[in-house]
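Just so you know, all these numbers are worked out from the coordinates, no wet-lab data involved. Predicted model only: the values in this text are computed from it and were never measured. Here Cβ is always computed from backbone atoms with ideal geometry, including for glycine, and neighbour counts include all displayed protein chains.
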């Protein structure tokens, strides 16, 4: 329907179905962000920062201005390890 292909045998799994967006944030944070960093884009809801912080991680806040394609360059300039998904 949306053109996204998912490999059901992939390890780790490539698809997560949750009961809502907040449930997804909590599940991802518990799985990947304990004692790690998360990037939060402004504007954001306060719980977007609170969840990683409560798991012993920390958040980096990035204010979006203009074209989102510049995010990768900003992260590199800050020395933040990241990955990007380019269409």
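Give, in nm to one decimal, the length gained when the segment between residue 18 and residue 39 is fully stretched (0.36 nm per residue of separation minus the Cα-Cα distance). Mind showing how you got there, number by number?
Values: separation 21, 0.36 × 21 = 7.56 nm, distance 2.09 nm.
That pair, residue 18 and residue 39, stretches by 5.5 nm at full extension.
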Exercise. Given a Förster radius of 30 Å and the C-beta distance between residue 27 and residue 71 as r, what FRET efficiency does 1/(1 + (r/R0)^6) yield to the nearest 0.05?
Worked result: 0.80
Problem set entry | Rounded if a/c under 1.5, otherwise prolate or oblate - the range 21-78, Cα gyration tensor axes | prolate
